[in-house]
Amino acid sequence: MSLQQHEKNTDFVWRDTQGPFRIITESQADTWNQDGGFLLEQVIPQSTLDELIADIDPMEARTNEFLRTVKDKRQFIARADEITFALHVVKRSKVARQFAKSELFADLCFDLLGPDCRLYWDQAVYKKPHCLEEFPWHQDNGYNFVAPQDYLTCWVPLVDTTVENGCAWIMPGVHRQGTLSHWHTDLGYECLTDTSGAKPIEAKAGDVVVFSSLTPHRTGPNHTEGERKSYILQYAHNPSVLLAKEGDDSTPQDDPDRQFTVLQAGQYV
Ligand SMILES: O=C(O)CCC(=O)C(=O)O
């Protein structure tokens with residue numbers, strides 16, 4: 001599939017990950033290299049998910065309440081009672097902060113990025129019952145252009161996720177082209193028109209959907225009575241910078257309140 005590249009993506013070369021690995025298998029490494037993502041099964045105990053949910057639910061409820069008060073009950077890609085984004089949970093939850101620094105994610109960083117990594121972004125995304133819109137196909141690096149372009153997204157389902165309630169889908173293979181050009185839609189940025197070959201990744205609570213910032217992904221509508229809850233953690237190479245949308249400015253991604261180091265020269269922090 002040949003697609004239009006982002007204007008700041010001029011010299012990207014995908015580097016296959018190679019072992020020895022700390023947590024992933026050779027087969028997961030092959031899937032990462034070929035598809036740009038894989039499912040890591042049953043690595044988070046339910047007790048940890050319960051603690052996260054107990055901290056995140058009230059934050060999300062406040063976010064939804066706020067959205068109900070604004071014009072058209074929406075702000076950028078968030079829509080009251082449909083889809084909400086609770087940003088930077090680690091700033092407000094010790095549980096989330098510890099979770100983000102845990103060996104699970106440090107080991108994934110080591111295997112998929114390298115020995116020096118930090119948390120770049122975290123947010124909880126809730127899809128409300130009967131949210132009938134999808135969250136469109138995009139690369140995470142298509143929203144805000146980070147350099148180096150390849151960072152790691154860990155999409156953590158807080159409840160079981162299925163095609164019916166809005167699980168994640170990925171488009172295999174496209175990550176190797178680097179960041180694509182995106183266009184704006186009412187539902188979010190979008191980068192694909194041909195979606196043949198897309199793969200749903202149904203994931204249970206306790207699993208992690210692991211994919212690259214360069215892997216196009218989307219989530220489907222929620223046709224069920226339950227809330228589809230996810231917590232998303234993104235890890236970047238250390239150092240990394242955010243490139244300005246216009247011009248040449250760049251901002252280091254090192255806010256100690258929310259972008260802390262998780263792996264330094266291969267050692268846990
Ligand atoms: O969890 C979702 O429904 C979509 C979230 C997503 O793809 C993102 O935040 O990049």
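Can we say TYR189 is within 15 Å of the ligand (Cβ to nearest atom), in contact with a Gly (Cβ under 6 Å, 6 or more places away or on another chain) and either charged (D, E, K, R) or in a strand (DSSP E or B) (or both)?
In short, yes.
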When GLN234 is run through (1) surrounded by 14 or more Cβ atoms within 10 Å (Cβ to Cβ); (2) in a loop (DSSP other than H, G, I, E, B); (3) of a type in the set (S, T, N, Q), the failure sits at (2)
Counting only residues that are in a loop (DSSP other than H, G, I, E, B) and under 23 Å from ASP55 (Cβ atoms), which one in the stretch 131-166 is farthest from the ligand (Cβ to nearest atom)?
-> ASP160
Consider LYS73 carefully, then state whether it is of a type in the set (Lys, Arg) and surrounded by fewer than 17 Cβ atoms within 10 Å (Cβ to Cβ).
-> yes
Which listed residue, of ASP194, ASP160, is surrounded by fewer than 18 Cβ atoms within 10 Å (Cβ to Cβ) and closer than 28 Å to ASP107 by Cα = ASP160
LYS245 passes all but one of the listed conditions (1) away from the ligand (no atom under 14 Å from the Cβ); (2) within 21 Å of PRO136 (Cβ to Cβ); (3) modelled with pLDDT of 95 or more; the exception is number (3)
For GLN34, all conditions in the list (1) exposed (fewer than 15 other Cβ atoms within 10 Å of the Cβ); (2) in a loop (DSSP other than H, G, I, E, B) hold save one; what is the number of the exception?
-> (2)
Mind listing whichever residues of the stretch 78-87 are farther than 14 Å from PRO58 by Cα and either buried (at least 18 other Cβ atoms within 10 Å of the Cβ) or in contact with a strand residue (DSSP E or B) (Cβ under 8 Å, 6 or more places away or on another chain) (or both)?
-> ALA78, ARG79, ALA80, GLU82, ILE83
State which residue pairs qualify: first residue under 18 Å from GLY197 (Cα atoms) and inside the stretch 18-47, second residue in a loop (DSSP other than H, G, I, E, B) and of a type in the set (A, V, I, L, M, F, W, C) in any location, beta carbons under 7 Å apart, and separation of 6 or more residues or different chains.
-> GLY36/LEU214
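The values are calculated or read from the model by the stated rules, or taken from the named source; none is laboratory data. For clarity, every value in this text was computed on a predicted model and none was experimentally measured. We place every Cβ from the backbone using ideal geometry, glycine too, and count neighbours over all the protein chains shown.
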